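Below is one structure; the comments refer to it alone.
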Amino acid sequence: MPPSIDAPRSNTWLAQPSGPCCLKGTLHDGTSHGRFVTVAGVETYIVEPKKSNANGHILLYFPDVWGMFPNGLLVMDAFADSGYLVLGLDYFRGDPVWKHRRDRHDRSDPDFDYEAWKRKHMAFADEAVPRWVDEVKRSYGQASTKYACVGYCFGAPYVCDELAKSTVSAGAFAHPAFLKDCHFSKITKPLLLSCSVEDHTFPKEARQVAIDILQSGQKSYQLQLFSGVEHGFALRGNMKNPYERYVKEQSLKAIVAWFDFWLSQ
């Protein structure tokens, strides 16, 4: 059971580490139009907005366990279409989970240790993300630039880390993983939570504790909650299903609107 609001806020999981539900999804059709560069020694996808609607802001993208796969690239492109210069780092260094598990039923690689894989890549990401963010600011930002950040699943804790610092003006995550109660208590900037009602990684009880922490700390937040979809809905839903497509699009639209508002303040 998740902790009560009065429990110590340090190392209690609210959004659990990525599990079997993160190994499910469909690939989306489309051709991405960004490119890969190296930032702070990490391969990074960058996609620029059209000059006609560029807003001068930068969006930092923290991927899920599928890494730099087509769906994620297309989502980054969509954020760029909304006016943002978008950069997403590959903290899996070319070793996303789909190279070992195509889905949660795949056992073609019996020697794959999912737990060890998560520990390895989280250790690298914990070290790499702060210096990567600093390099993005130095190489792509200007004095007038404002920043936002978005994370999916594995990327959620890095959103909260940035929201506890001074770089970004707002952040958002969808179907999060790897979040402890302290991630919510330490943020100082606005957070949008895009979630599904049924999510074994971030269930109702844990979600309520997170909201209680945000409310008790008088944090700025918005909770977007969808029924009828599962963990991964914002990146890996079935686009041939009209409702799943609608949910994915509404999640993205809400995140863009959240950023547009807070970065205009």
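We did not get these values from a lab; they are worked out from the coordinates using the rules stated. Please read these numbers as outputs of a predicted model, since none were measured by experiment. All Cβ positions, even for glycine, are placed from backbone atoms using ideal geometry, and neighbour counts span all protein chains on display.
Values computed for the structure shown
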{"item": "All aspartates and glutamates inside 12 Å of residue 248 as judged from Cα atoms, apart from same-chain residues fewer than 8 positions distant", "result": "230"}
{"item": "Sum of -39500 (n - 2.57) over DSSP H runs of 4+, divided by residues of the chain (222 nm, nearest 500)", "result": "-11000 deg cm²/dmol"}
{"item": "Prolate/oblate/rounded label for segment 96-232 (Cα gyration tensor, a/c 1.5)", "result": "oblate"}
{"item": "In order through segment 28-41: 3J(HN,Hα) via Karplus (6.51 cos²θ - 1.76 cosθ + 1.60), integer Hz, x for Gly, Pro", "result": "9, 7, x, 10, 6, 10, x, 8, 9, 9, 10, 10, 6, x"}
{"item": "Residue exposure sequence - 225, 192 - by fewest surrounding Cβ within 10 Å", "result": "225, 192"}
{"item": "Mean separation of Cα contacts under 8 Å, 6 or more apart, over the residue count of segment 198-265: relative contact order %", "result": "26"}
{"item": "Percent antiparallel among DSSP beta bridges (both partners in the chain, rounded to 5)", "result": "30"}
{"item": "With 5 Å bins from 0: P(r) over segment 13-263, alpha-carbon pairs, percent", "result": "1, 6, 14, 19, 21, 18, 12, 5, 2, 0, 0"}
{"item": "Pairs from 24/99; 99/204; 99/189; 120/253 whose Cα-Cα separation, in the structure shown, is over 24 Å", "result": "99/204; 99/189; 120/253"}
{"item": "Listed residue (121, 18, 191) projecting farthest to the positive dipole end of the chain, Cβ model", "result": "191"}
{"item": "Sorted peptide list for 85-95, 33-43, 126-136, criterion being average Cβ within 10 angstrom, highest first", "result": "85-95, 126-136, 33-43"}
{"item": "Dipole magnitude of the chain about its Cα centre (Cβ charges: Lys, Arg +1; Asp, Glu -1), debye to nearest 20", "result": "360"}
{"item": "Rg/Rh (Cα only; Kirkwood hydrodynamic radius) as it applies to segment 177-234", "result": "0.95"}
{"item": "Relative exposure of 31, 145, 167, judged by other C-beta atoms within 10 Å (fewest first)", "result": "31, 145, 167"}
{"item": "Rounded to whole Hz, the Karplus (6.51, -1.76, 1.60) HN-Hα couplings of segment 243-250, x for glycine and proline", "result": "6, 5, 5, 4, 4, 4, 5, 5"}
{"item": "Amide H within-cut-off set for residue 65, under 5 Å, with H built and near neighbours excluded", "result": "154"}
{"item": "Trypsin sites (Lys or Arg not before Pro) restricted to segment 156-265 and DSSP loop, no more than 10 other C-beta within 10 Å", "result": "240"}
{"item": "Average Cα contact separation per residue, the chain, under 8 Å, 6 or more apart, as relative contact order %", "result": "24"}
{"item": "For segment 61-76, Karplus couplings with θ = phi - 60° (6.51, -1.76, 1.60), whole Hz, Gly/Pro x", "result": "10, 10, x, 7, 5, 7, x, 8, 9, x, 4, x, 4, 5, 5, 4"}
{"item": "Diffusion constant of segment 123-175 at 20 °C, which comes from Stokes-Einstein with the Kirkwood Cα-pair radius and 1.002 mPa s, µm²/s", "result": "185"}
{"item": "Amide H within-cut-off set for residue 196, under 5 Å, with H built and near neighbours excluded", "result": "175, 226"}
{"item": "Sorted by Cβ density within 10 Å, fewest first, the residues 259, 154", "result": "154, 259"}
{"item": "Semi-axes of the equivalent ellipsoid for segment 3-102, Cα gyration tensor, largest first, Å", "result": "28, 19, 14"}
{"item": "Dipole-positive endmost among 166, 75, 206 within segment 13-263 (Cβ charges, Cα centre)", "result": "166"}
